[in-house]
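Below is one structure; the comments refer to it alone.
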Amino acid sequence: MASIYELQGYFKYLFIGVALAIASALLWVSSTLIDRLSKEEDAKMELWAQATRILASADAGEADFKLAQEVVIGNTTIPVMLVGQDGEVISYRNLPNESYSEQELKELAANYARVNEPIYIEVREGETQYICYDDSVLFKLLKYYPFVLVAVLVLFFVLILVILYVTKMFEQNKVWVGLSKETAHQLGTPISSLMAWSEILKQQYPDDKMLPEMAKDIDRLRMVADRFSQIGSKAELELTELNEVVERTVLYMRKRISRQISLTYEATGTYYAMLNVPLFEWVIENLCKNAVDAISDEGSIRILITAKESWICVDVTDNGRGIAKHDVSKVFRPGFTTKRRGWGLGLSLAYRIIEEYHRGKIYVRYSEVNVGTTFRIELQKA
């Protein structure tokens, strides 16, 4: 069964397909109208040429003469020029400007001849004139109309897509914030009880070596609840030594993963960044846990801190089962998981914490099935 995100993807492609179909239909209709109008204007000019021939003929009857005169005068939209054999402009109608020099009229006639093929008429034996005409203002507007219409449609569809995207993100944010705060609230009471029981056990068994580790886990659990309570609120960032935060997280995780998996940490220097420490620690923990889940038996996880230009890079690399190429773009989607038991929320939360709260970047730098995966976090240098 397709997930809601796959359905949204199908809907998006369907939406684009419908938009393209509508745009194509509009272009076809507009092109048909333009073609018809062009033929009508050509036919009008042929009729105008015949009327001009009649007016120049001495044999025309009075009725023909009046009809021809009405045809010539009736053209109020198409710019037209009557040009003699010597290239001199004899008469003209509907020009953009009524005041032209002889040279300007000749140049305009030459331009019209390039737009539409001139119509030649024989007014007397051995004397030929030709008619040069331009497209009407309406025809010129119609030629640009399809492109304007398509541009408006594209803007409209883009606006609809943006509204849908913003609405979806707003709804997701509401769900995230509500879920996170409810989780923090539900964890509060049992954590308080565990802290109280831990203190009682310390008093009864002061020399027990397991109690300090238990206290660390309880404190970690309290921090998890605190992190969830911060989701949706403005994260407070402080100038922090990144190396120290990562090293502390690595030391904590080493004692809580299989001994068959080595967890190492390296840094090419000491780096400082603006961090919300609890939230950033949670991201590193989550990446480490995902790496552990990706390793079947024995394996290694390597965390490397480097720098490039104004960015600090934190690479978390494992030699686990890797991620299929078609799944790489989905790993940060809420609900996406390749685990049998998993909610698919960890990486999506990590994405929000890095991208939105820390104004950084997190992405899959490299992954190959049965070879391993590298996640990279990029933070601005402080």
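The values are calculated or read from the model by the stated rules, or taken from the named source; none is laboratory data. These numbers were taken from a predicted model, which means no experiment stands behind them. All Cβ positions, glycine included, derive from the backbone under ideal geometry; neighbour counts span all protein chains shown.
Odds and ends about this structure:
- Note on the range 135-152: residues that are under 27 Å from the mean Cα position of the chain (by Cα) and among the acidic types (Asp, Glu) amount to 0.
- When residue 330 is tested against the conditions (1) part of a loop (DSSP other than H, G, I, E, B); (2) closer than 26 Å to residue 220 by Cβ, the lone failure is (2).
- Only one of the numbered conditions (1) surrounded by 11 or more Cβ atoms within 10 Å (Cβ to Cβ); (2) more than 18 Å from residue 29 (Cβ to Cβ) is violated by residue 138, and that is (2).
- The lone criterion from (1) part of a helix (DSSP H, G or I); (2) touching a Ser or Thr at 6+ places or on another chain (Cβ under 8 Å); (3) farther than 30 Å from residue 179 by Cα left unmet by residue 229 is number (3).
- Here residue 345 clears all of (1) over 25 Å from the mean Cα position of the chain (by Cα); (2) of a type in the set (A, V, I, L, M, F, W, C); (3) surrounded by 16 or more Cβ atoms within 10 Å (Cβ to Cβ); (4) more than 23 Å from residue 247 (Cα to Cα) except the condition numbered (1).
- For the condition closer than 30 Å to residue 144 by Cβ, modelled with pLDDT of 85 or more and part of a helix (DSSP H, G or I), residue 25 does not qualify.
- Of residues in the range 101-135 being of a type in the set (Gly, Ala, Ser) and surrounded by fewer than 18 Cβ atoms within 10 Å (Cβ to Cβ), the one modelled with the lowest pLDDT: 126
- The single residue among 338, 306, 317 that is within 26 Å of residue 262 (Cβ to Cβ) and assigned to a loop (DSSP other than H, G, I, E, B) turns out to be 338.
- A single member of 300, 329 is within 30 Å of the chain's Cα centre (by Cα) and either over 23 Å from residue 265 (Cβ atoms) or among the polar types (S, T, N, Q) (or both), and it is 329.
- Selection count, the range 352-377, where residues are of a type in the set (D, E, K, R), farther than 12 Å from residue 276 by Cβ and surrounded by fewer than 16 Cβ atoms within 10 Å (Cβ to Cβ): 4
- Subset of the range 134-148 [in a helix (DSSP H, G or I) and of a type in the set (Ser, Thr, Tyr)]: 144, 145
- Single match in 199, 266 (criterion: of a type in the set (D, E, K, R) and not assigned by TED's automatic domain parsing to the domain that holds residue 373): 199
- Screening residue 130 against (1) under 40 Å from the mean Cα position of the chain (by Cα); (2) in a strand (DSSP E or B); (3) not β-branched (Val, Ile, Thr) leaves a single unmet condition, (1).
- The set of residues from the range 238-292 being modelled with pLDDT under 90, more than 19 Å from residue 353 (Cα to Cα) and not in a loop (DSSP other than H, G, I, E, B) comprises just one member, 252.
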